[in-house]
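Input: a single structure, listed below in structure tokens.
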Amino acid sequence: SKVSVAFSILSSAAVVVSCVVLLISSLPEYRFPAYGEEENDTAPELDMIEMGVTIFFTIEYCLRLFTASSASHTYLMTGDWEVEGEAYDDDDGKGCCSCLTSKLSPELRKHLENTTTFFSRPLNIIDLVAILPFYLEV
């Protein structure tokens, strides 16, 4: 869809802006002593841009997290859209979090398993590790 293409372009642009800001902030003329009072201080304009990009990435990550449970299991595992006619149903209770979900309704169990699958994908772990330092620093 046009919206997904636009969002993909916006997200890619945010990555490029973040990389450029990181490179510029490493230049001596944008660091202490020209800016700030401590050795790690950088130009406040660059800090604001980085904060805006990080907030954008956080919102995007949270949206993916909150919608992960509605995605098909195949998509969560492979990134491929659901095959026509496929229905994920883990009635045997041996999913990734079966010890916690065995007494839950099938709908809630599927929700939790899809969310756990979302968290376990390498690129989603990388995304989380990329945004966490911003919040741990604050």
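For region 1-35, the set of residues classified as in a loop (DSSP other than H, G, I, E, B) and either among the basic types (Lys, Arg) or within 23 Å of ILE55 (Cα to Cα) (or both) consists of SER26 only.
On inspection, PRO44 does not qualify as out of contact with any Lys or Arg (no Cβ under 7 Å at 6 or more places or on another chain) and open to solvent by 80 Å² or more (accessible area, probe 1.4 Å).
If the condition is being surrounded by 15 or more Cβ atoms within 10 Å (Cβ to Cβ) and among the small types (Gly, Ala, Ser), then region 4-41 contributes ALA14, SER18, SER25.
The values are calculated or read from the model by the stated rules, or taken from the named source; none is laboratory data. All values derive from a computational prediction rather than experimental measurement. We place every Cβ from the backbone using ideal geometry, glycine too, and count neighbours over all the protein chains shown. Note: accessible area is taken over every heavy atom of the protein model, side chains too, but ligands, DNA and RNA are not part of it. Shrake-Rupley method; radii C 1.70, N 1.55, O 1.52, S 1.80 Å.
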